[in-house]
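Undergrad: Would you mind keeping the following structure in view while I ask a few things?
Derivation of every value follows stated rules applied to the coordinates shown; laboratory data play no part. Predicted model, so just to flag it, every value in this text is computed and none were measured. Neighbour counts run over all protein chains shown; Cβ positions are idealised from the backbone, glycine included.
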């Protein structure tokens, strides 16, 4: 059945897909020998040999608003949105104007940016934090936040939670795994030293028992690092757990770090802290605030942030930087273009107020509800969850098919069908922006329906009762 049905479908679909995106494929092949690149249109780690001929990223040519165009001039409605960066769509005029003005002034590195203080002040105003420092990327922001917490506490061990992602530095690339009947912490990938494992506890997010583990280790914990809403579990929004975690860490003298790379400025102007009514000691930001420019932000209470520069002091008296400091540096920190874009973003968010996020969150919720209604009514083994203007696509297990194909491969093939129909979707986390129109949303819904229809004609995505399925 696999050979006669699936292979026939793949032969036909791959021919259409590669013809439409031929230059993207050509560029990937031409530079493969010199460009070591993890990016491809596939989400899953497993390499599915039947899909080999379409494993290449779409190469972008230009973009505007909710749309982008590839090197073959195909138009796409973009729901990847720069991995969550483009809250206002591609190339919004107010950011473009700010960047153009700064380019005309020059890119002065090695000097203090004239905008750094104003940007920090705006961040404090919107988030309620006391002090801010800038770094180059989200990964560096998390790495530096942990270093600050370790400096302040004099401790080394940290807590992270399973299924969370905090960037790609070694110190957080660990996971919990059962080995010989014992729960152990292991690296998530080759090349990560085993020695790092001793300084990290990986706990189950939302599990009350995790609070007990934190309480038992409180004397050795430098920080608890948490992504308030995990990308793969948008339906798991644990306000009560977060508030209990805040109370416990405060009582125990453990800095609580919120990783707000995705939630910061998206769910609310004050981020997840404002949304869940939880005040962290340190929060890390990136993505949206950079307006498309690389940026990392660490914001927090003065008692933590003083480890950057020694704390507050004044000219003309006997004050001096008295707090213990650690090492924080980076050639491109406070890059003039990043500061110009960040100021434009923050001023826009301040002017618009929380109605910007509230309206976009509502539109996303309605979009997800409409799609879920169709999927459930037609017994399609796919579901969407949303948090604010971010949404996550799940494939459901315990399904059957008339062809020999795994659920993950089916999901990957489904995404390729959406890409072929002009929806730029890579991975499962997707986003709506203020630039997406109702016409865009309706087009996406129709593309889903058309993809389901075609796949079902080939024996894939067959109807299955929701009462018989569970999430992968």
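Undergrad: Take 21, 38 and order them by how many other Cβ atoms sit within 10 Å, fewest up front.
TA: 38, 21
Undergrad: Give me Rg over Rh for the range 107-352, both radii from the alpha carbons and Rh done the Kirkwood way, two decimal places.
TA: On the Cα set of the range 107-352, Rg over Rh gives 0.97.
Undergrad: With the contact rule set at Cα under 8 Å and sequence spacing of 6 or more, what percent relative contact order holds for the range 107-352?
TA: Once divided by the residue count of the range 107-352, the mean separation gives 29 percent.
Undergrad: Based on DSSP, what percent of beta bridges with both residues in the range 107-352 are antiparallel, to the nearest 5?
TA: 50 percent
Undergrad: Quick check: from the Cα gyration tensor, does the range 43-162 come out rounded (a/c under 1.5), prolate or oblate?
TA: In terms of gyration-tensor shape, oblate.
Undergrad: For residue 370 paired with residue 96, estimate the spin-label separation in nm (one decimal), with each label point 7 Å from Cα along the Cα-to-Cβ line.
TA: Label at residue 370, label at residue 96, 2.7 nm between them.
Undergrad: Oh, and also: How many percent of DSSP beta bridges within the range 70-216 run antiparallel, rounded to 5?
TA: Rounded to the nearest five, the antiparallel share is 60 percent.
Undergrad: Give the relative contact order (percent, whole number) for the chain; include only Cα pairs under 8 Å separated by 6+ residues.
TA: Relative contact order, the chain: 21 percent.
Undergrad: Relative to the first principal axis of the alpha-carbon coordinates of the chain, what is the inclination of helix 138-153, with its axis defined by its Cα atoms, in degrees from 0 to 90 and to the nearest 10?
TA: Relative to the chain, helix 138-153 is tipped by roughly 40 degrees.
Undergrad: Can you list the residues of the range 248-288 with backbone N under 16 Å from a point 7 Å past the Cα of residue 124, pointing along Cα to Cβ?
TA: 282-283
Undergrad: To continue, here is another question. When each pair of different Cα atoms in the range 174-217 is counted once in the 1/r mean, what is the Kirkwood radius in angstroms, to one decimal?
TA: 11.6 Å is the Kirkwood radius here.
Undergrad: Using 7 Å Cα-to-Cβ label points, what is the residue 183/residue 352 separation (nm, one decimal)?
TA: About 4.1 nm separates the two model spin labels.
Undergrad: Using Cβ counts within 10 Å as a stand-in for footprinting exposure, how do 288, 107 rank, fewest first?
TA: Starting with the residue having the fewest Cβ neighbours, the order is 107, 288.
Undergrad: For the pair residue 11 and residue 73, how long in nm is the line joining their label points, each one 7 Å along Cα→Cβ?
TA: The two pseudo-label positions are separated by 3.2 nm.
Undergrad: What full-extension length gain, to one decimal in nm, is calculated for residue 439 and residue 18 as 0.36 nm per residue of separation minus the Cα-Cα distance?
TA: Extra length available between residue 439 and residue 18 comes to 148.9 nm.
Undergrad: Another one. Let's test the formula: R0 of 45 Å, r as the Cβ-Cβ distance of residue 109 and residue 55. What FRET efficiency results, to the nearest 0.05?
TA: 0.75
Undergrad: Would you compute, from DSSP H runs of 4+ residues alone, the mean residue ellipticity of the chain at 222 nm, taking -39500 (n - 2.57) per run and dividing by the full residue count, rounded to the nearest 500?
TA: -12000 deg cm²/dmol, from helical runs alone.
Undergrad: Nearest-5 percent of antiparallel DSSP beta bridges in the chain?
TA: For the chain, the DSSP antiparallel bridge percentage is about 70.
Undergrad: For the range 1-138, calculate the relative contact order in percent as a whole number, restricting contacts to Cα pairs under 8 Å that are 6 or more residues apart.
TA: 16 percent
Undergrad: In whole angstrom, how long is each semi-axis of the equivalent ellipsoid of the chain, when you take the square root of 5 times every eigenvalue of its Cα gyration tensor and sort them from largest down?
TA: Rounded to whole Å, the semi-axes are 40, 28, 21.
Undergrad: Which of 24, 195, 63 comes first, and how do the rest follow, when ranked by fewest Cβ neighbours within 10 Å?
TA: Final ranking by Cβ density, sparse to dense: 195, 63, 24.
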